[in-house]
């Protein structure tokens, strides 16, 4: 996730060819609104960005084109695989559109960033130590199968599934109807839905949950393993071990080492202040004038 910095897209494609690169939509909109203002255009851009399948994305762009052909052309020049959910890869199980994680990390290390490189790295390392230990303690106290936030999302999707009517098409394939103009296909074996929300996040969508409940199964068992408590406990099972000091001698040895290192540092004489320089120049001129007067008097004698 980046802010479309120049050269970054090409660098990532060269050095990380198999990693997915996305643009932060907030920063994308900030560039967009400099030339294309208005709430209607803003809403159409975000509608296109949050669309999860291609047809929905195309409808959003058509609405923008009807509002402003220039705005449509500006946005069309940017490959949607960088900023729209409809073109995101389903491999990462993440549908994020904003770089809030990067912003949070920058805020966390804001004070450390102003320090010298070694001190900065030491500060970041200490913060990571604290975070890993904190997350491990939290995961150890969780109960159930899923992480708490994921469980809440699943519960909300389960409530929405009451509006869906699944129909068995054969095998693990189902047709799900949600009103007169909304129909989707669910494949329980492949963990996919034509709305692509399940594909993108790894969390069953309401269409899939309606099928799962019809089969008298638990939706939790269809959530991707990355959201399970045991996975989080495995992630934070390691630790970053403390780094001991470079010198671990006695206080007397430490004082001797400090004294020796101080003596090795060359003493740099500071230049005199400007008023001292002027005083020296005035005294030199005065003494020169006195010497000249004495020579003149002796010559007259």
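Values for this structure:
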read-out: For q = 0.11, 0.12, 0.17, 0.18 Å⁻¹, Debye-computed log10 I/I(0) when each Cα of region 8-87 counts as one equal scatterer; value: -0.29, -0.35, -0.66, -0.73
read-out: Inter-probe distance in nm under a simple model that places probes 7 Å from Cα toward Cβ, at residue 63 and residue 96; value: 2.7 nm
read-out: Region 87-231: C-alpha pair distances exceeding 22 Å, %; value: 53 percent
read-out: Difference of contour (0.36 nm per residue) and Cα-Cα distance, residue 114 to residue 217; value: 31.7 nm
read-out: FRET efficiency estimate (nearest 0.05) - Cβ-Cβ, residue 87 to residue 181, R0 30 angstrom; value: 0.80
read-out: For region 157-249, alpha-carbon Rg and Dmax in angstrom; value: 20.6, 79
read-out: Residues residue 70 and residue 155, FRET efficiency given R0 of 45 Å [Cβ-Cβ distance, rounded to 0.05]; value: 0.55
read-out: Added length on full extension, which subtracts the Cα-Cα distance from 0.36 nm per residue, residue 107 to residue 3; value: 35.8 nm
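Values quoted throughout were computed directly from the atomic coordinates according to the rules given, and no laboratory measurement underlies them. In this text the structure is predicted, and so the values were computed from the model without any measurement. Note that we place each Cβ from the backbone using ideal geometry, even for glycine, and neighbour counts take in every protein chain shown.
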